[in-house]
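Each value in this text was obtained by applying a stated rule to the coordinates, not by laboratory testing. Keep in mind that this is a model prediction, so the values were computed, not measured. Here the Cβ positions follow ideal geometry from the backbone for every residue, glycine too, while neighbour counts run over all protein chains shown.
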Amino acid sequence: MTSLVIFGATGDLAGRYLLPSLARLTAARSWPPAFRVRGVGREPLDNEQFRKHAGERLDRHAADVPIDARHEVLNQIDYVVADVTDPAAVAASIRDLPTPIAFYLALPPSLFATTVTALAQAGIPPKSRIVLEKPFGSNENSAQELNRLLAEVATEDSIFRVDHFLAKQTVQNVLGLRFANRIFEPLWNAQHVHSVDIVWDEPLTLEGRASYYDRAGALRDMLQNHLLQLLCLVAMEPPRTLTSRDLHDRKVDVLRAVRALTPEEVSRHTTRARYTAGRIGDRVVPDYTAEPGVDPTRETETFAAMTCWIDNWRWTGVPFKLRSGKALGARRSHIAVRFRDVPHLVFGQHEEPAPNVLRFMIDPDRIELSMNLNGAGDPFDLEPACLDTDLAPQTLPAYSRLLLDILEGDATLSIRGDEAEEAWRIMDPVLAAWAAGAAPLREYPAGSLANDF
Ligand code: BG6
């Protein structure tokens, strides 16, 4: 690749993740200095104005990056005004760029299909790559259509469906822990595992993203992609190698085994809720519905929880509980594998030992295993103990790693087309049952803890 084009360069994704990632790569000297980066968007800005805007985003989201590296990125990037759904405008916006080009669609998903079509009509330079963000489509049908469209214009190995969670260090540690250690695999099944919690609670609120989020909601924004990907890594069979094809094959196997819930199961095993006004620390948060750009009649959920069952030999009967919400009182981001109780109580007259829980904490990264040991004093008293390891902070943040993978053409951490479709097969029945009134929308004051409602 010799150029990166960011469609939607003035949007939230570019400002929050892509530009800061470029700055971090530049600071780490991992980004080729002669590389061209072009922002394309509809906002009528000249280069100067765009750089000012981008500089402000870097000040906010990459304040830890040395100022020289931030300036270097700003000097490397220019901006062209274009409607990315118009083939002639797209062609004009890239005419002077060296090829091949990585096209990053940092756009609302509703624009993916028209943008890919415009790009194809404008002419995609040979060996170029197309990068799409999640959610990939808005249901199984639209994901299939998008895959068909992409297959007409590009080869699968040049399409990157990005899920930045896969580039998080602790997430990859699930693979390390499972497949580089002998001791866990014999316990990694329904006989020994009681349940798995996959949690992503955020104090973040809407942050000005209504145009995307109000149409997506928590289920589409987090569960359908990020949390199902985490489920795949926990539940998949050992892959033959960690190459792209082996990893994707094993992940698809798991997704195919996740049961589609019936409407009655949706009522019992899912929760959807929306935040109302409240306080998070000293921050006063308005009602979700009072945020600019929100349409209250859409009943968009800002919290979603769902229990999944994997109908295969290894996992039958084990609940995998997925949950994510915004405007919550505490950040909690972890995968917790809870093991079954010991089969027989030898400490009968004393207390029952707490179950062992293996926790992968994400951002900051840490792995913990809770255990029971004999305490001091009475030799038969049990005391909780925890084996834990703090992991060094990730050297390159997830988006920086993904950008490098895109440049290097390594699709191991991207989502294959069939994975995206299977993930929708699991979520579509939930969305349909919700639309028909199952699991009515609840409310929680901003700042609540997820366990409290
Ligand atoms: C994004 C979601 O993909 O992931 C956001 O759209 C969410 O709503 C974010 O806040 C969480 O990831 P991270 O890495 O920023 O904690």
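Summing +1 for each Lys or Arg and -1 for each Asp or Glu among the other residues whose beta-carbon sits under 9 angstrom from that of ALA9 gives 0. All C-alpha pair distances within the stretch 369-424, sorted into 5 Å bins from zero, spread as 4, 13, 12, 9, 10, 9, 10, 8, 8, 8, 6, 3, 0 percent across the bins. The orientation-averaged projection of the convex hull spanning the C-alpha atoms of the stretch 285-326 amounts to 4.2 square nanometres. With the cut-off at 1.5 for a/c, could you classify the stretch 104-250 from its C-alpha gyration tensor as rounded, prolate or oblate? Because a/c hits 1.5 or more and a/b fails to exceed b/c, the stretch 104-250 counts as oblate. Our note on the geometry: Cα centres of the stretch 5-83 and the stretch 132-190, 27 Å apart. Measure nothing fancy, just the Cα-based angle from helix 47-61's long axis to the longest principal axis of the chain, in degrees from 0 to 90, nearest 10. It is inclined by approximately 10 degrees. In the distance distribution for the stretch 215-292, Cα-Cα pairs more than 15 Å apart total 71 percent. The base-10 log of I(q)/I(0) for the stretch 281-380, evaluated at q = 0.12, 0.15, 0.25 Å⁻¹, reads -0.71, -0.92, -1.34 [Debye formula, identical scatterers on Cα atoms, solvent excluded]. Over all pairs of different C-alpha atoms, the stretch 197-245 has a mean inverse distance whose reciprocal, the Kirkwood radius, equals 13.1 Å. Remark on the stretch 6-162: Rg and Dmax equal 15.5, 46 Å (Cα only). Straight-distance candidates among the aspartates and glutamates for linking to LYS168, with alpha-carbon spacing under 13 Å and chain neighbours fewer than 8 residues away dropped: ASP363, ASP365.
Grab the DSSP H runs of the chain that are 4 residues or longer, score each as -39,500 (n - 2.57), total them, divide by all residues and round the 222 nm result to the nearest 500 deg cm²/dmol. It lands at -10000 deg cm²/dmol. For the listed peptides 170-182, 77-89, a ranking on the average number of other beta carbons within 10 Å per residue, highest first, reads 77-89, 170-182.
If every alpha-carbon in the stretch 126-209 counts as one equal scatterer, what log10 I(q)/I(0) does Debye give at q = 0.22, 0.23, 0.25, 0.27 1/Å? Log10 I(q)/I(0), no solvent term: -1.08, -1.11, -1.19, -1.29.
Listed cross-link partners LYS52/LYS251; LYS52/LYS134; LYS127/LYS321 are compared with a 32 Å cut-off, the Cα-Cα value being larger for LYS52/LYS251; LYS127/LYS321. The orientation-averaged projected area of the convex hull spanned by the Cα atoms of the stretch 1-71 comes to 4.5 nm².
For the stretch 319-453, the equivalent ellipsoid derived from the alpha-carbon gyration tensor has semi-axes of 36, 25, 17 Å in decreasing order.
With the convex hull drawn around the C-alpha atoms of the stretch 232-277, the volume per residue stands at 124 Å³. Pairwise Cα distances in the stretch 33-98 exceed 13 Å in 66 percent of cases. To the nearest µm²/s, what D does Stokes-Einstein give for the chain at 37 °C and 0.692 mPa s, using the Kirkwood radius over alpha carbon pairs as Rh? My calculation gives 140 µm²/s for D. Would you mind telling me the antiparallel percentage of the DSSP bridges in the chain, rounded to 5? In the chain, approximately 55 percent of DSSP beta bridges are antiparallel ones.
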